[in-house]
1. Farther than 26 Å from Ala83 by Cα, at pLDDT 85 or above and hydrophobic (A, V, I, L, M, F, W, C): which single residue out of Val112, Val206 fits that description?
2. Could you tell me which residue of segment 58-75 is modelled with the lowest pLDDT, considering only residues that are touching a Pro at 6+ places or on another chain (Cβ under 8 Å) and of a type in the set (A, V, I, L, M, F, W, C)?
3. Of the residues Leu185, Leu207, which is touching an Asp or Glu at 6+ places or on another chain (Cβ under 9 Å) and surrounded by 15 or more Cβ atoms within 10 Å (Cβ to Cβ)?
4. May I ask you to list pairs of residues, at least six apart or on different chains, whose Cβ atoms are under 8 Å apart, with the first in segment 232-247 being over 24 Å from Arg162 (Cα atoms) and the second being in a helix (DSSP H, G or I)?
5. So which pairs qualify, if the first residue must be in segment 197-210 and closer than 17 Å to Ala128 by Cα, the second must be among the polar types (S, T, N, Q), the Cβ gap must be under 7 Å, and the two must be at least 6 apart or on different chains?
6. Can you run down the residue pairs with Cβ atoms below 6 Å, 6 or more apart or on separate chains, where the first is in segment 167-183 and assigned to a loop (DSSP other than H, G, I, E, B) and the partner is modelled with pLDDT under 75?
7. Restricting to segment 123-146, give me the number of residues that are surrounded by fewer than 24 Cβ atoms within 10 Å (Cβ to Cβ), of a type outside the set (A, V, I, L, M) and at pLDDT 85 or above.
8. What pairs come out if I take residues in segment 38-49 that are closer than 13 Å to Ser113 by Cβ and pair them with residues that are in a helix (DSSP H, G or I) and small (Gly, Ala, Ser) whose C-beta lies under 6 Å away, six or more apart or interchain?
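The values are calculated or read from the model by the stated rules, or taken from the named source; none is laboratory data. Remember, predicted model here, so these are calculated numbers, not experimental data. FYI the Cβ positions are ideal-geometry reconstructions off the backbone, even for glycines, and counts take in every protein chain you see.
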Amino acid sequence: MNSRAFAVEPARGDDLAMTASSAVSVSAPAPQTVAQVARAWAWGLCAAFVTGPIAAWLIARTPGPGGTDDALGLASATPLLGAMLALLALLLVGGSGTVAAWIGGQRPAMFVSGLVAAWASWAAGSSAGAATHAPSIALVLNGAGGGLAILALGGWLLAKGRGRADPAFSSPWPTALDQIKAVALPRVLAPIAIGAVAGGIVANWVLREPSPGQGFAAAWAGSLAGAVAVRFVGGAMQQPTSLLHCFVPAAVLCLIGAVVSGVAYGDPAEAVRSFSFGGLAGPTPAAWIAGTLLGAPLGARWFAGASAERP
């Protein structure tokens, strides 16, 4: 067998090049037993119909600004209580995914966490209601918190599911911190920047009204498109990228959307309703979190499958 078939040439100028340890991450995971598959399905159903509704209940208890039902985190009538309830919901999202990672690996972890986050996203309502009454700084801080949550959840779940790593999620960087540091490298930053542009265009095209369902759909489609663009551009540049890098465009769009709706216009609510960058301002941070957990891994896997089929 030709040993050169397993050689990996690091990207030129990349100070965090692939090491021999990364070769383990691209190997196929061991096949699951029937019991493991049954446990993974059982926990997925539990997350969908038990843990998810609890997270939604927590978010629904947040008092909305100005009497509206649309509230999330700091964009609420009582920002401290809203932030505490949002943090508890995030712990449920991360905890559900952690259990799924122990049972089935990285793929179930992302899917289960995304399901729980989707429940919370629906309970948070639309961005228009909060933007009408909440101060701009609250919207911006919500967006920043949502972007950080996307990266924290992605890094955590990938690490906890590493024992059953998915080949489509392989990375030349051994830890999430190394992957975040690699974002500063120009050859890694370029695919991420293009992914953010592609994701923003798709999200803006999908959204037609600032409703919870459309906000989630826009965030999911934008996250999926951003992940595909990151993988595609990275492959064209012969620059390895990780799944966590596919999460970065959505995290950036979450913050940009908050800035657009909270600062860039004199009337944030009008910015949402007028659909000027509506696909960015429309989804709430909760929608971006849920959409990314469900959309970005799917985009990465889709591109990996499409690349493997090419002659």
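1. Numbers: Val112 fails: farther than 26 Å from Ala83 by Cα.
Among Val112, Val206, only Val206 is farther than 26 Å from Ala83 by Cα, at pLDDT 85 or above and hydrophobic (A, V, I, L, M, F, W, C).
2. Residues of segment 58-75 that are touching a Pro at 6+ places or on another chain (Cβ under 8 Å), as a first pass: 71-73, 75.
Pick out the ones that are also of a type in the set (A, V, I, L, M, F, W, C) and you get 71-72, 75.
Working: Ala71: 74, Leu72: 77, Ala75: 79.
Taking the candidates together, the pick is Ala71.
3. Answer to the check: Leu185.
4. Taking only residues 6 or more apart or on different chains, the pairs are Val233/Ala190; Val233/Pro191; Val233/Ile194; Val233/Gly195; Met237/Arg187; Met237/Ala190; Met237/Pro191.
5. Within 7 Å, the pairs are Leu207/Gln214; Arg208/Gln214; Pro210/Ser126; Pro210/Ser127.
6. Here the result reads Ser170/Ser25; Ser170/Val26; Pro172/Met18; Pro172/Ser22; Trp173/Leu16; Pro174/Ser21, each pair linking segment 167-183 to a residue that is modelled with pLDDT under 75.
7. 1
8. As it stands, the answer is Trp43/Ala100; Ala47/Ser96, since those pairs meet every condition given.
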